[in-house]
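Bear in mind these aren't lab numbers, they're just calculated from the coordinates by the rules spelled out. Computed from a predicted model, the values in this text were never measured in an experiment. With ideal geometry, Cβ positions are generated from the backbone for all residues, glycine too; neighbour counts draw on all protein chains shown.
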């Protein structure tokens with residue numbers, strides 16, 4: 001008997017179905033893998049782009065530190081000097097684990113390197129490993145980072161001898177002229193010489209009012225107000241040397257109404273990393289306060305009756321109160337030293353005042369915080385330096401003779417006061433700005 005073999009088509013159909021399922025699974029897996037990689041690529045691109053504002057935050061921190069501390073005296077506010085000779089700081093940004101690391105090379109001008117770190121997105125494999133790691137102890141995810149190297153330069157100033165947010169008044173024989181402490185043709189041994197003076201200074205007010213700048217004295221230079229404001233010469237003179245010698249009034253081309261200055265508020269220079277000034281001996285003489293290189297903080301500073309502060313290094317002093325000198329009291333800045341002086345209260349300079357023996361205006365800068373609402377020079381006090389107190393009612397009275405640049409909310413110059421703008425400050429600004437940016 002011959003047995004007939006019957007073909008079962010059901011098995012063939014099952015095989016075909018399985019093959020189709022495998023092919024569909026492979027296609028679906030490929031599609032999911034493609035989508036996953038695209039998602040990972042987009043997420044990584046977002047992290048890459050996010051690293052830039054993180055490192056920019058570090059750059060802003062470094063530029064702020066340089067602005068308040070200069071090129072070399074950078075310790076404080078969390079900055080630390082490393083064995084490599086650089087000042088370093090690290091700070092977290094936000095609450096997602098991003099952070100920056102910044103280093104400053106303390107040269108003139110400074111060089112900044114900032115690196116921003118943002119958490120890297122996890123791949124599918126890493127996500128699985130992360131899940132297993134929660135049970136078995138997985139490692140921390142990595143970071144996407146970007147690094148830039150920034151070189152800086154001195155910011156060129158506007159050549160302004162006197163500037164204010166509001167009204168400026170010259171009266172009573174007061175005078176503004178200019179010289180250049182770095183040019184022997186326009187100075188003598190770096191000092192102002194009336195025989196070599198120039199008409200190179202500017203008086204600028206943001207006020208848009210009539211009589212925004214009132215001139216009853218002499219401005220050897222030019223005067224500018226805010227839009228719509230006016231310069232009034234009430235018996236005074238504004239112009240160059242030749243004009244002032246034979247004319248009163250305002251010389252053509254020496255006034256305008258296009259002033260538009262920015263007056264940034266002064267911040268507290270530091271909150272930690274400072275010392276309290278103490279007494280000492282300088283060149284064999286006992287002094288009330290002796291400051292070397294470093295950061296110092298004290299309350300009200302009153303120097304009178306022979307009380308003396310000597311600055312023998314590159315010092316930053318924060319007076320969290322009023323500043324006053326009178327009589328034989330004085331601040332003395334030794335040759336080769338410098339002082340940045342921050343004042344939160346009022347300022348009054350009379351008597352011997354502040355003796356800047358470097359003869360360089362850029363070696364002395366006084367900053368008035370927002371709470372500094374009055375600042376004055378009076379009597380026969382002399383001064384070589386700059387004062388920036390944008391919220392202060394600023395006044396010069398009497399036989400005051402000062403060299404440098406001065407900023408206040410309002411400024412009144414009376415009683416024969418003399419202000420000599422040092423044109424060298426136009427090229428020696430202590431404010432640094434970005435000159436070049438390179439991603440590395």
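Within the listed set 322, 286, 95, the residue fluctuating most in the Gaussian network model of the chain (springs between alpha-carbon atoms under 10 angstrom) is 95. Under the classification rounded if a/c is under 1.5, otherwise prolate if a/b is larger than b/c and oblate if not, where does region 323-429 fall, given a ≥ b ≥ c as square roots of the Cα gyration tensor eigenvalues? The shape class here is rounded. Applying 1/(1 + (r/R0)^6) with R0 = 56 Å to the Cβ-Cβ distance of residue 328 and residue 149 gives a FRET efficiency near 0.65. Residue separation of residue 208 and residue 28 scaled by 0.36 nm, minus their Cα-Cα distance, works out to 57.7 nm of gained length. When Rg and Dmax of the Cα atoms in Å is computed from the coordinates, the matching label among (1) 33.2, 146; (2) 21.7, 66; (3) 22.4, 74 is (1).
Here region 161-203 and region 312-375 have alpha carbon centers that stand 20 Å from each other. On the basis of the beta-carbon distance and an R0 of 45 Å, residue 252 and residue 90 show a calculated FRET efficiency of 0.20. In a GNM of the chain with a 10 Å cut-off on Cα contacts, which of 81, 46, 204 has the highest mean-square fluctuation? In this elastic network of the chain, the residue with the biggest mean-square fluctuation among 81, 46, 204 is 46.
For region 196-249, just say rounded, prolate or oblate: build the C-alpha gyration tensor, square-root its eigenvalues into a ≥ b ≥ c, call rounded for a/c under 1.5, and beyond that prolate if a/b exceeds b/c, oblate if not. Taking the square roots of the gyration eigenvalues as a ≥ b ≥ c, region 196-249 is oblate.
Against the main long axis of the alpha-carbon atoms of the chain, helix 124-136 sits at an angle near 90°.
Annotation: peptides 335-344, 50-59, ranked by per-residue average of other Cβ atoms within 10 Å with the highest first, follow the order 335-344, 50-59. Each residue, residue 371 and residue 188, gets one label point 7 Å from its Cα in the Cβ direction; the gap between the two is 4.5 nm. Peptides 375-381, 62-68 ordered by packing proxy, namely the average of other Cβ atoms within 10 Å per residue, highest first: 375-381, 62-68. Comparing 411, 354, 20 in a Gaussian network model of the chain (Cα springs below 10 Å), the most mobile by mean-square fluctuation is 20. Using the alpha-carbon atoms, what tilt in degrees (0 to 90, nearest 10) does helix 9-69 show relative to the longest principal axis of the chain? Rounded to the nearest ten degrees, it is 10.
The distance between label points at residue 282 and residue 41 comes to 6.7 nm (points 7 Å beyond Cα on the Cα→Cβ vector). Between region 280-294 and region 388-406, the C-alpha centres lie 28 angstrom from each other. Quick one: work out the % antiparallel among DSSP beta bridges in the chain, nearest 5. Rounded to the nearest five, the antiparallel share is 30 percent.
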